[in-house]
Amino acid sequence: MHVHAAPTGAGSSRTQSVLRFSLVATLAYVVITFVAGLRAHSLALLSESGHNVSDFLALLLSFVAVYFQSRPATHSKTFGYQRAGVLAAFVNAATLIVISIWIGIEAVHRLSAPVAVQPKLMMVVAAAGVVMNGVIAALLWGVARDVNMRSAFLHMAGDTLSTAAVIAGGAGILFTGRNWIDPVLSLVIAALILWTSTGIVRETLNILLEGTPRGVTLNEIRSGMEDVEGVLNVHDLHVWSLGSNSHALACHVCIADIPPSESACILVNLNHVLRDHFAIQHSTIQFEHEGCEELHGCVVPIEEMSSPVAHSHHGHAH
């Protein structure tokens, strides 16, 4: 039997409105920081411009992902487009890792050949960035319900902190005249970008490779299911993520040799445990009444393994 999750499009309209505003504001700030970075000869501001370009792309990908996630399942896409947001988050984070490496290389080069910067212009532009990024981050936090939107939020929250650091760096250069502060600040920004991005890459790769969801323990799920009255054992258990907040399960459950009408209550109780205790809304459970052994992903009754003739598996599927 299959138990399906509700559509993921709830609240997508508000999320798209937040993303539209964020896209316009971010694009405007990219232009401002790039021009100001050239005028002020500041690698930190140019780094911020590059970082915000990646943020613009991240927000754009998230916007497209939210649109696709709200679309219903079809005959060709039976799970819908729940992984569109996961894929967008992976691309965003991977892009940021590349950008952080580039910033680090440029910063090291600047340390060996310092360039005079204009700290006052740095500080003014960075102050505007703190306000803009802070507002966008706050808006995204209100709609950050999955890894896609959480990655977009982390982008903007990281920008808020790094832009605030640019203000501090500009003040340091203004009062001390030490231009090496600018590339050192860029290295700090690059490290911040790298740290936030690698976590998202790990999480999204785990989902895309259909790994066991974060925070889910198979032994706990198996024990919870085997505590249901009428269940003899649970095996061939698989749990994976459809999206960052949507998990699926498939397994074989051994029960007594009883008619399907009598096993219905067992199935109801199993789905109750999965839904209420483990937040698994989509489950495929196959009932069996014989022991079996797994062979390369297939399940064969133990007493039939010695026979050269293939047999269909005994039991009934729900």
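The values are calculated or read from the model by the stated rules, or taken from the named source; none is laboratory data. Please read these numbers as outputs of a predicted model, since none were measured by experiment. Backbone-built Cβ (ideal geometry, glycine too); neighbour counts: all protein chains shown.
Data for the structure
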{"read-out": "Per-region count, the stretch 155-172, residues surrounded by fewer than 24 Cβ atoms within 10 Å (Cβ to Cβ) and either more than 18 Å from the chain's Cα centre (by Cα) or over 25 Å from V117 (Cα atoms) (or both)", "value": "9"}
{"read-out": "Residue match in the stretch 82-91 (condition: touching a residue at least 40 places away in the same chain (Cβ under 8 Å) and charged (D, E, K, R))", "value": "yes"}
{"read-out": "Residue, nearest to A44 (Cα to Cα), within the stretch 131-143, restricted to residues that are surrounded by fewer than 19 Cβ atoms within 10 Å (Cβ to Cβ) and of a type in the set (A, V, I, L, M)", "value": "V131"}
{"read-out": "Residue selected from the stretch 21-56 under the condition touching a Phe, Trp or Tyr at 6+ places or on another chain (Cβ under 7 Å) and either closer than 15 Å to M123 by Cβ or of a type in the set (S, T, N, Q) (or both), by the criterion modelled with the highest pLDDT", "value": "T26"}
{"read-out": "Residue, modelled with the lowest pLDDT, within the stretch 73-87, restricted to residues that are of a type in the set (A, V, I, L, M, F, W, C) and within 16 Å of N206 (Cβ to Cβ)", "value": "V86"}
{"read-out": "Members of the stretch 235-264 found to be assigned to a loop (DSSP other than H, G, I, E, B) and touching a Lys or Arg at 6+ places or on another chain (Cβ under 9 Å), listed by number", "value": "S244, N245"}
{"read-out": "The lone exception for L205 - which of (1) within 11 Å of the chain's Cα centre (by Cα); (2) at pLDDT below 85; (3) part of a helix (DSSP H, G or I) it fails", "value": "(2)"}
{"read-out": "Some residue of the stretch 264-272 being without any contact (Cβ under 8 Å) to a residue 24 or more places away in the chain and under 25 Å from Q82 (Cβ atoms)", "value": "yes"}
{"read-out": "The listed residue being among the small types (G, A, S) and either in a loop (DSSP other than H, G, I, E, B) or touching a Ser or Thr at 6+ places or on another chain (Cβ under 6 Å) (or both), out of G199, G211", "value": "G211"}
{"read-out": "In the stretch 244-272, the residues that are in contact with a Gly (Cβ under 8 Å, 6 or more places away or on another chain) and within 14 Å of V216 (Cβ to Cβ)", "value": "S244"}
{"read-out": "Of all residues making up the stretch 62-71, the number that are at pLDDT below 75 and surrounded by fewer than 23 Cβ atoms within 10 Å (Cβ to Cβ)", "value": "5"}
{"read-out": "Hits in the stretch 94-119 (condition: over 16 Å from H51 (Cα atoms) and at pLDDT 85 or above)", "value": "V108"}
{"read-out": "Candidate set: the stretch 48-88, residues that are of a type in the set (D, E, K, R) and more than 23 Å from H247 (Cα to Cα); chosen: the one farthest from the chain's Cα centre (by Cα)", "value": "E48"}
{"read-out": "Yes/no for R110 being of a type in the set (K, R), assigned to a helix (DSSP H, G or I) and touching a Leu at 6+ places or on another chain (Cβ under 6 Å)", "value": "yes"}
{"read-out": "Unmet criterion (only one of (1) within 23 Å of S62 (Cα to Cα); (2) β-branched (V, I, T); (3) in contact (Cβ under 8 Å) with a residue 40 or more places away in the chain; (4) outside any loop (DSSP other than H, G, I, E, B)) for I167", "value": "(1)"}
